[in-house]
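A short write-up of the structure that comes next.
The values are calculated or read from the model by the stated rules, or taken from the named source; none is laboratory data. Note that the coordinates shown come from a computational prediction; the quantities given were computed from them, not determined experimentally. Reconstructed Cβ throughout: ideal geometry from the backbone, glycine too, with neighbour counts over all protein chains shown. Side chains are part of the model used for accessible areas, which takes the heavy atoms of the whole protein and leaves out ligands, DNA and RNA. Shrake-Rupley method; radii C 1.70, N 1.55, O 1.52, S 1.80 Å.
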Amino acid sequence: MTVDTLWGSAWFWGALFVVSSFVNFRAAFKLLIDWKGMATTCRFVEDAYERLDRLPDEAALERETRAPLFIHLVPAYQEPEIAHTLRALLDSRYPHGKLHVVVVTKAEEDRSPHPAMPASTAELVRRFRAELPPWQQKMLSLQIMPGPGRKAHQLNWALRPEFLGPLLNGHRDPTRVYVGVSDADSLPDRNVYRWIAADVLGDDPSLAYQGVTLSLANFEKLPMRGRVCAVQQSSIFIRVSIARLLNERRRIALFARFEAAAPRLARLVRPVFDFCFRRAQICLGHNQFVRLDTLQSLGGFPTSGATEDSTLGYALAARGVLIAAMPMLELNDMPETTEKMVRQNARWYKGVLDDVGFLRRVRGQAPTAFNAAQLCRHVGNKVVEWPIAAIVYPVIGFLGWHLAYRFADHPVLFVLGITLPSVSLGMTIWVGGIVTQELIESLAPYFPRPVDIARTSLRAKFWGIFRCQTYWLLATRGAWRVLWALTTVGRFEPAKTDRAVRVAHALGVAVRAGDASAVDTRSTVGYAPESHRGVEQPGSSLGS
């Protein structure tokens, strides 16, 4: 069949019309689901904060022997502002003897500190710890990983038995210990541990928790484009990550009731349910908690890919562990330049590619319908759709409009062809540019610290509404950067977001302007001797 014959055949245009209509309908439907997911997450957060006064206080948790112990890990490399995160964690409302914060740095940074930093991250932690009162010094430890490795290797270094044993101080029951993770730019809520403890002491405790994270900590310092991207990146966490965890538990509970009523039929349809209706669980790598025995059964944090958080979510799901959504908010920094946003998304997409091999191994070891669905959805929705979505959806939208006029003599098809792309475009502007901003603004009263994200100018409103797809275009660039590197040189090394240069630039501007108050003295006082570099600084053990 020649191209001219194909071009002139009715069935070709009919098939193209069906495909374009399906894609446009799917785009509009996904945006509708995203809208519902954001609303569900925001209600979940608002309800939790309204009930904060019902959580057990520190005195009650101190007396409660079943209250969990928390080991909170902060992997860090070239982090000039880590003191803010440590201060927020140490100020949490939880019994001091049942919480311990462990910072894990790399020896290579001690050997070659970042030239824009006053000292290495480990040195900054030592200075910060030296200024703390004795009771808080006992809550903070520093571990230095001697060899190379990424974030997952740093986390696992802190979970070595020779360090963990003395830290737990004889508390050998790992079912009472939860391991938390924060990034070095995290600002968590003070009530995180209280909320988890209340849930653990309840009737249905979970083995893992994922909290709500928003990329708004440095919102005031971002340019206009950066602010739009910060809101959009935050929306991913509430519209997809947390909403999926909430809905997954509801689906499982619904199927359990059906299984109790009709066990034989449930056994027959279980593979269909697992393949068609179960969804992947997403860990975000911060504001994240896993019970120690569960983590140890996995062999620690996964090191097979560039992003240990997504792999951990898949590993927990493969073990049948349902991650519970945790409503306490955490603020994180947003990369402040276009290049850093692209670099961050490139690292995430490299993790997506690495997870394909992990999911294939899981599928080979346990060929269940659920594991098959995990692999298929991962490849389709992430590996394939991520690099092409920003191109495919606009093209298919215009194609739908064009095909509507080709079928103008069929009123139903004409209306369908005009309506679906128009609804998809309208939903993109409404959900992405308007509803997202309103819902995230509704969470502002609950932020760990005040951040004003309101659009106060006409320019800000225009950019926020009609340039709401900017972030997704940068994410596409990140994915293609990875694919291009793998195609041309055969490898891609994901780079860490460089926060040291940003801080050095900000301090330089402040010093030139004569604003001495802008310099954080906590990172420059209490200097420890040079001979102390590379020495691990232990805190006190838990329960002491």
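Here is a check on your reading of the model: is residue 202 in a helix (DSSP H, G or I) and over 26 Å from the mean Cα position of the chain (by Cα)?
So residue 202 fails the test.
May I ask you to list the residues in the range 290-323 that are outside any helix (DSSP H, G or I), aliphatic (A, V, I, L, M) and open to solvent by 10 Å² or more (accessible area, probe 1.4 Å)?
Answer for the range 290-323, where residues must be outside any helix (DSSP H, G or I), aliphatic (A, V, I, L, M) and open to solvent by 10 Å² or more (accessible area, probe 1.4 Å): 298, 306, 321, 322.
So for the range 100-107 (the condition being within 22 Å of residue 145 (Cα to Cα), surrounded by fewer than 21 Cβ atoms within 10 Å (Cβ to Cβ) and touching a residue at least 12 places away in the same chain (Cβ under 8 Å)), does at least one residue qualify?
yes
Please work out which one of (1) at pLDDT below 90; (2) touching a Leu at 6+ places or on another chain (Cβ under 9 Å) is the condition residue 122 fails and give its number.
(1)
Within the range 386-396, is there a residue that is in contact with a Lys or Arg (Cβ under 9 Å, 6 or more places away or on another chain) and without any contact (Cβ under 8 Å) to a residue 60 or more places away in the chain?
No, the range 386-396 contains no residue that is in contact with a Lys or Arg (Cβ under 9 Å, 6 or more places away or on another chain) and without any contact (Cβ under 8 Å) to a residue 60 or more places away in the chain.
Mind listing whichever residues of the range 430-452 are closer than 21 Å to residue 92 by Cβ and exposed (fewer than 14 other Cβ atoms within 10 Å of the Cβ)?
Matches in the range 430-452: 445, 449, 450.
Do you know which residues across the range 393-426 are within 19 Å of residue 240 (Cβ to Cβ) and open to solvent by 30 Å² or more (accessible area, probe 1.4 Å)?
393, the sole residue that qualifies.
Here are 129, 63: which of them is free of Cβ contacts under 8 Å to residues at least 40 places away in the same chain, open to solvent by 30 Å² or more (accessible area, probe 1.4 Å) and either closer than 20 Å to residue 152 by Cβ or over 24 Å from the mean Cα position of the chain (by Cα) (or both)?
Sole residue among the options that is free of Cβ contacts under 8 Å to residues at least 40 places away in the same chain, open to solvent by 30 Å² or more (accessible area, probe 1.4 Å) and either closer than 20 Å to residue 152 by Cβ or over 24 Å from the mean Cα position of the chain (by Cα) (or both): 63.
Which pairs do you get when a residue that is farther than 20 Å from residue 493 by Cα, found in the range 146-171, comes within reach of a residue that is surrounded by fewer than 16 Cβ atoms within 10 Å (Cβ to Cβ) and of a type in the set (Ser, Thr, Tyr), reach meaning Cβ atoms under 8 angstrom, with the pair 6+ apart or on two chains?
Here the result reads 156/303; 169/544, each pair linking the range 146-171 to a residue that is surrounded by fewer than 16 Cβ atoms within 10 Å (Cβ to Cβ) and of a type in the set (Ser, Thr, Tyr).
Restricting to the range 421-471, give me the number of residues that are outside any helix (DSSP H, G or I), touching a residue at least 60 places away in the same chain (Cβ under 8 Å) and either in contact with a Cys (Cβ under 9 Å, 6 or more places away or on another chain) or charged (D, E, K, R) (or both).
Result for the range 421-471: 4.
Does residue 92 fit the bill of being among the polar types (S, T, N, Q), crowded, with 20+ Cβ neighbours inside 10 Å and over 30 Å from residue 191 (Cβ atoms)?
So residue 92 fails the test.
Is at least one residue of the range 260-267 open to solvent by less than 10 Å² (accessible area, probe 1.4 Å), farther than 30 Å from residue 299 by Cα and not in a loop (DSSP other than H, G, I, E, B)?
Checking the range 260-267: at least one residue is open to solvent by less than 10 Å² (accessible area, probe 1.4 Å), farther than 30 Å from residue 299 by Cα and not in a loop (DSSP other than H, G, I, E, B).
Which residue, of 210, 143, is in a strand (DSSP E or B) and either free of Cβ contacts under 8 Å to residues at least 40 places away in the same chain or under 30 Å from residue 441 (Cα atoms) (or both)? Steps first, answer last, please.
Working: 143 fails: either free of Cβ contacts under 8 Å to residues at least 40 places away in the same chain or under 30 Å from residue 441 (Cα atoms) (or both).
From the options 210, 143, the qualifying one is 210.
Inspect the range 375-390 for any residue being aromatic (Phe, Trp, Tyr) and more than 17 Å from residue 479 (Cα to Cα) and give the result as yes or no.
no
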